[in-house]
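This report refers to the structure that appears directly beneath it.
The values are calculated or read from the model by the stated rules, or taken from the named source; none is laboratory data. Computed from a predicted structure; not experimentally measured. Virtual Cβ from ideal backbone geometry, glycine too; neighbours counted across all protein chains shown.
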Amino acid sequence: MKIERAEVIVTSPGRNFVTLRLTTSDGVVGLGDGTLNGRELAVVSYLRDHVVPLLVGREADTIEDTWQYLYRGPYWRRGPVTMAAIAAVDMALWDILGKRTGVPVYQLLGGRSRRGALAYGHASGTTVEALFTAIRNQLDHGFRAVRIQVGVPGLGKVYGVGTDQRAGERYDYEPAARSVVPVEEAWDTEAYLRHLPTVVEAVRAEFGEALPLLHDAHHRLTPNEGAQLGRALEPHRLFWLEDCTPAEDQEALRRVRSQTTTPLATGEVLNSVHDYRTLISERLIDYVRSSATHAGGITGLRKILDFAAVYGVRSGIHGATDISPVGMAAALHLDIALHNFGIQELMLHNERTLEVFRTSYTFVDGLLDPGENPGLGVELDDEAAAAYEYTPAYLPVNRLLDGTIHDW
Ligand code: KDG
Ligand code: MG
């Protein structure tokens, strides 16, 4: 069956999402997520101007061939814009194949390997007390694993730390501010390194040894600082320390790895198996953080995770709110099917987003499940989508106290 129509839909129900909708000549519709936070329109142009004209008239069920055609064909390979555009096409084709064969995509990936996918939620606070409240809220919401981020004394707003919650409130933090230029935040690594281990210790004392705790350093440390932090956190047994050093520098994690047994995760900004060669083959990480949305879809991410499986490295798929419900569904089908699943990030989408994207995945007792609907299991409501126009929004920029632009 051939692809007859390809439409790029931009909607902004609280944040911007880029969705590709493919329709076959027999009327089957597939959706794909190509959202690239803060650079959404670059993917829109890549898709509309350079990909859509190639798709119309192609066979819908040649998924691997279409992936290779879009990856190898244009000469310019990899990069977040290209790989998000390929992801959108790839997910839509898996969605179509699932609908045409009448099965959820995970069945096409080899079937169910587990009852559900353990998810971790976000908890943050400007103070330790506020963090405790946020953790309790997430536990009450059903999470069985929690990422903890905390304010640093002497600094203002810190990325990853939302407004302090009251007891019972739902976590609703959107770090991409709606504005034509990014806001700027100040950063002090020494203050962070002094503070964080005391906070993790306090969390362990309050919530016990068994709760899986995760932390994200957002690429801000040097290899030696990463090693120091990993060692300092070792007694508190983190589930993982994420992105301690800038992810594109694969060798940086050699130093960290040789100095600490704290498990390491990286990769939400990586988009190809080649970005992981050293990280995986030298076993420098424990978890792969790429999303299906930024790493060439189900096909692209599966290539990375199959390579990881050879080295005993597991998945920890990126699931922040800038992954649309379509991208989240794609992740969940992989989570359920692949043997080397580790954990799945889940930042819950707001109600407006769930009006636009009607999902069938579930979150029960801390476990996510993609559901049994054929395909990916997500439908797009055109009318709801049209009500939310694209609005520029950016993640913050990070500067050291002397004004130097810093990694993050
Ligand atoms: O677009 C970037 C965000 O999704 C990212 O900064 C969130 O680090 C993040 C995480 O681990 O979810
Ligand atoms: Mg992260």
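I'd like the full set of residues that are more than 16 Å from ligand 1 (Cβ to nearest atom) and surrounded by 15 or more Cβ atoms within 10 Å (Cβ to Cβ), limited to segment 119-131. Matches in segment 119-131: G125, T126, V128, A130, L131. The residues listed here are Q228, Q259; of these, the one that is farther than 26 Å from V158 by Cα and of a type in the set (S, T, N, Q) is Q259.
Here's the yes/no breakdown for (1) part of a loop (DSSP other than H, G, I, E, B); (2) closer than 19 Å to R399 by Cα:
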residue	(1), (2)
D164	yes, no
Y171	yes, no
V180	yes, yes
A186	no, yes
A191	no, yes
V199	no, no
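Scan segment 309-331 for residues that are within 16 Å of ligand 1 (Cβ to nearest atom) and part of a helix (DSSP H, G or I) and the total you get is 6.
I'm checking my understanding of the structure. Among residues of segment 349-408 that are among the β-branched types (V, I, T) and out of contact with any Pro (no Cβ under 6 Å at 6 or more places or on another chain), which one is farthest from S12 (Cα to Cα)? Per the stated criteria, the residue is T404.
The residues listed here are L346, L395; of these, the one that is closer than 22 Å to T266 by Cα, within 16 Å of ligand 1 (Cβ to nearest atom) and either in the same structural domain as A117 (by TED's automatic domain parsing) or in contact with a strand residue (DSSP E or B) (Cβ under 6 Å, 6 or more places away or on another chain) (or both) is L346. Which one of these is crowded, with 22+ Cβ neighbours inside 10 Å, over 22 Å from A210 (Cβ atoms) and touching a Ser or Thr at 6+ places or on another chain (Cβ under 6 Å): D164, D90, D95? Being crowded, with 22+ Cβ neighbours inside 10 Å, over 22 Å from A210 (Cβ atoms) and touching a Ser or Thr at 6+ places or on another chain (Cβ under 6 Å) holds for just one of D164, D90, D95, which is D90.
Within the bounds of segment 287-308, is there any residue that is of a type in the set (F, W, Y), away from ligand 1 (no atom under 16 Å from the Cβ), buried (at least 20 other Cβ atoms within 10 Å of the Cβ) and free of Cβ contacts under 8 Å to residues at least 40 places away in the same chain? No, that holds for no residue. The residue list N373, N340 contains one member that is in a loop (DSSP other than H, G, I, E, B), free of Cβ contacts under 8 Å to residues at least 60 places away in the same chain and either surrounded by 24 or more Cβ atoms within 10 Å (Cβ to Cβ) or not basic (K, R) (or both), which is N340. Residue count for segment 237-272, restricted to those that are farther than 23 Å from P80 by Cα and of a type in the set (V, I, T): 4.
Of everything listed in (1) farther than 30 Å from D365 by Cβ; (2) within 16 Å of ligand 2 (Cβ to nearest atom); (3) touching an Asp or Glu at 6+ places or on another chain (Cβ under 8 Å), the single unmet condition for Y192 is (3). If you go through segment 349-370 and keep only what is under 20 Å from the mean Cα position of the chain (by Cα) and assigned to a loop (DSSP other than H, G, I, E, B), you end up with H349, N350, S360, Y361, G366, P370.
Taking the criterion of being closer than 19 Å to V203 by Cβ and either within 23 Å of the chain's Cα centre (by Cα) or not assigned by TED's automatic domain parsing to the domain that holds A265 (or both), the residues of segment 215-233 that qualify are H215, D216, A217, H218, G230.
Listed conditions (1) exposed (fewer than 14 other Cβ atoms within 10 Å of the Cβ); (2) on the phi < 0 side of the Ramachandran plot are all met by V152, apart from (1). When V183 is tested against (1) over 26 Å from T35 (Cβ atoms); (2) within 16 Å of ligand 1 (Cβ to nearest atom); (3) among the β-branched types (V, I, T), exactly one condition is not met: (1).
Here's the yes/no breakdown for (1) in contact with a helix residue (DSSP H, G or I) (Cβ under 9 Å, 6 or more places away or on another chain); (2) within 16 Å of ligand 2 (Cβ to nearest atom); (3) among the small types (G, A, S); (4) at pLDDT 95 or above:
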| position | (1), (2), (3), (4) |
| --- | --- |
| T126 | no, no, no, yes |
| R136 | yes, no, no, yes |
| I148 | yes, yes, no, yes |
| V158 | yes, yes, no, no |
| A177 | no, no, yes, no |
| L214 | no, yes, no, yes |
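Consider segment 58-79 and keep the residues that are touching a residue at least 60 places away in the same chain (Cβ under 8 Å) and assigned to a loop (DSSP other than H, G, I, E, B). The one that is nearest to K303 (Cα to Cα) is R78.
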